[in-house]
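J.: Take a look at this one; I'll ask things after.
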Amino acid sequence: MRLQEGVGARGLVVERGRVAAVERGDGGREGCDVAIVAGGAWTATLLPGAGVGLAIETRALQMLLTEPAPTALTPVVSAFDRKLSLKQLDDGAYLIGGGWPARITDHGANRYEMLEESVKGSLETARAVYPALAGRALARKWAGLEAFTPDALPIIGPVPGIEGLLVAVGFSGHGFALSPVIGDLLARLASGRGQVLHSDICKNVRPDPVGG
């Protein structure tokens, strides 16, 4: 296997119903028998040339990081009735998430705008559930663009009608937790050692004759 860094992918080349190559951002092509498209919120932009549309939308989700504190919290803390994901990192800083939104300003350039109401709401929720956070100053705040499907279930597997094309997208906020098993599944499918056991595994994928 050869890994190339700093080389963008522009799209796929499909010939006679199967993937033939990946088109690079510099205009070159990389021939392939199998292409795995797992570009997160930008997956759909790689597929128009293959005539595939995806039922996904992009959302920007906020994360907060506090200054380091004495180690006190071992488990990840969440809640059923509140937007909260809280854990303490190895350096003592608290990482706070839970689905609070930011505003997307430029999807293609991965640009966003933080929303003060989200920052305030997330902090208030975390401090209410875990009072030890009171008085801990924020060190950093940012957001990440994520792909969501209508039912919050990811799209994984081969695309009907295009041989050699696999997709993995729409993890709806759960990508890090699922990534080990998804990587194993995609490797098996790509090498012909696995099979799709559920007929709806790509139910959110639709052939798009206009390539949009």
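J.: Are any residues in region 101-127 polar (S, T, N, Q) and open to solvent by 50 Å² or more (accessible area, probe 1.4 Å), and if so, which ones? Full working, then the answer.
T.: Let us first name the residues in region 101-127 that are polar (S, T, N, Q), namely 105, 110, 118, 122, 125.
Answer for region 101-127, where residues must be polar (S, T, N, Q) and open to solvent by 50 Å² or more (accessible area, probe 1.4 Å): T105, N110.
J.: Which of (1) modelled with pLDDT under 95; (2) surrounded by 13 or more Cβ atoms within 10 Å (Cβ to Cβ); (3) within 19 Å of G92 (Cα to Cα) is the odd one out, the single condition Y130 does not satisfy?
T.: Checking Y130 against (1) modelled with pLDDT under 95; (2) surrounded by 13 or more Cβ atoms within 10 Å (Cβ to Cβ); (3) within 19 Å of G92 (Cα to Cα), the one that fails is (1).
J.: Now for a separate question. Kindly indicate whether W142 is crowded, with 18+ Cβ neighbours inside 10 Å, more than 28 Å from V52 (Cβ to Cβ) and of a type in the set (F, W, Y).
T.: no
J.: Could you run through region 59-90 and say how many residues are assigned to a strand (DSSP E or B), open to solvent by less than 80 Å² (accessible area, probe 1.4 Å) and not polar (S, T, N, Q)?
T.: 7
J.: Let me ask something else. What do you reckon, is G98 surrounded by fewer than 17 Cβ atoms within 10 Å (Cβ to Cβ), closer than 30 Å to S122 by Cα, out of contact with any Cys (no Cβ under 9 Å at 6 or more places or on another chain) and in contact (Cβ under 8 Å) with a residue 24 or more places away in the chain? Don't jump to the end; show me each part of the working.
T.: Numbers: surrounded by fewer than 17 Cβ atoms within 10 Å (Cβ to Cβ): no; closer than 30 Å to S122 by Cα: yes; out of contact with any Cys (no Cβ under 9 Å at 6 or more places or on another chain): yes; in contact (Cβ under 8 Å) with a residue 24 or more places away in the chain: yes.
No: the conditions fail for G98.
J.: Do you know which of the residues in region 152-168 that are surrounded by 19 or more Cβ atoms within 10 Å (Cβ to Cβ) and outside any strand (DSSP E or B) is farthest from the chain's Cα centre (by Cα)?
T.: I162
J.: Of the conditions (1) at pLDDT below 90; (2) surrounded by 17 or more Cβ atoms within 10 Å (Cβ to Cβ); (3) not charged (D, E, K, R), Q4 clears all except one; give me its number.
T.: (2)
The values are calculated or read from the model by the stated rules, or taken from the named source; none is laboratory data. Quantities reported herein were computed from a predicted structural model and do not represent experimental measurements. Because the Cβ atoms are built from the backbone with ideal geometry, glycine has one as well, and the counts that use them run over all protein chains shown. The area values use the complete protein model at the heavy-atom level, side chains included, leaving out ligands, DNA and RNA. Shrake-Rupley method; radii C 1.70, N 1.55, O 1.52, S 1.80 Å.
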